[in-house]
Amino acid sequence: MQLDKIVRFHKAVGDTTRMRIIAVLKRGPLHGQAIAHKLGLKPPTITHHITKLRESGIIYPIRDGNSIYFYLDEPHLERLSKSILQLGEESVHPSAQVNPEEKLKLVKNFFSPDGKLLQLPAKEKKRVVVLAYMIQHLEKHRVYEEQEINGYIQRYHSDYATIRREWITHQFLYRDNNKYQLNPEEMWPASF
């Protein structure tokens, strides 16, 4: 699971009112007015917290006439709550089985002599190795601005948005408010 989803989930449930809403919805779906009444809060307060819970995918709405009922997505909630235990687990990604000689051959095949990426490999196993090769010179623990990351990527390829997205998807890089930082190598599917 992507790190930003895990963080968003924990931010959403890291509030007493939201935890109380989850507890109330565990007994069954309710509309906003009923939730406000049960918790002794004003409807605008409930609306704010419901929005945060919806954004993280913990609850979902279903309209019934003029009312919107909120349902707890228990399977999704369970997956998200267990996801933190999966951080740092040993990678079973196919790229983990690529030996150093194969990695060098991939670099030779997908990069020009001047270091430019010719194309991103279609196969994920190869793509992850290429992504690991390109990211290896970023500094650990440093927080980068988006423009800095884009400039770094442009040394290799003009489509910085795709490369940046791939790094985030494959857990090489973490993004928060257009700030980027390397994830620990233990989270990477491959290293170079």
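Descriptive notes on the structure:
- Which numbered condition ALA36 misses (of (1) over 30 Å from ILE168 (Cα atoms); (2) open to solvent by less than 20 Å² (accessible area, probe 1.4 Å); (3) touching a residue at least 12 places away in the same chain (Cβ under 8 Å); (4) of a type outside the set (Asp, Glu)): (3)
- Condition met for GLU139 (at negative phi, surrounded by fewer than 20 Cβ atoms within 10 Å (Cβ to Cβ) and within 19 Å of the chain's Cα centre (by Cα)): no
- Matching residues in the stretch 157-182 - criterion: being assigned to a loop (DSSP other than H, G, I, E, B) and surrounded by fewer than 19 Cβ atoms within 10 Å (Cβ to Cβ): HIS157, SER158, ASP159, ASN177, ASN178
- Residue count, the stretch 111-136 (criterion: open to solvent by 20 Å² or more (accessible area, probe 1.4 Å), within 21 Å of SER191 (Cβ to Cβ) and either in contact with a helix residue (DSSP H, G or I) (Cβ under 8 Å, 6 or more places away or on another chain) or among the polar types (S, T, N, Q) (or both)): 7
- Residue ID - farthest from HIS137 (Cα to Cα), chosen from residues in the stretch 153-192 that are in contact with a strand residue (DSSP E or B) (Cβ under 8 Å, 6 or more places away or on another chain), without any contact (Cβ under 8 Å) to a residue 40 or more places away in the chain and of a type outside the set (Lys, Arg): ASN178
- Counting only residues that are open to solvent by less than 20 Å² (accessible area, probe 1.4 Å) and among the aliphatic types (A, V, I, L, M), the stretch 183-192 holds 1 of them.
- The lone criterion from (1) open to solvent by 40 Å² or more (accessible area, probe 1.4 Å); (2) modelled with pLDDT of 90 or more; (3) assigned to a strand (DSSP E or B) left unmet by LYS108 is number (3).
Conditions tested, residue by residue: (1) at pLDDT below 95; (2) assigned to a helix (DSSP H, G or I); (3) surrounded by 14 or more Cβ atoms within 10 Å (Cβ to Cβ); (4) of a type in the set (D, E, K, R).
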site	(1), (2), (3), (4)
ALA12	yes, yes, yes, no
GLY57	yes, no, yes, no
PHE70	no, no, yes, no
PRO75	yes, yes, no, no
ARG79	yes, yes, yes, yes
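The values are calculated or read from the model by the stated rules, or taken from the named source; none is laboratory data. Computed from a predicted model, the values in this text were never measured in an experiment. Cβ atoms come from the backbone with ideal geometry, glycine included; neighbour counts cover every protein chain shown. Quick note on the areas: whole protein, heavy atoms, side chains included, nothing else; ligands and nucleic acids left out. Shrake-Rupley method; radii C 1.70, N 1.55, O 1.52, S 1.80 Å.
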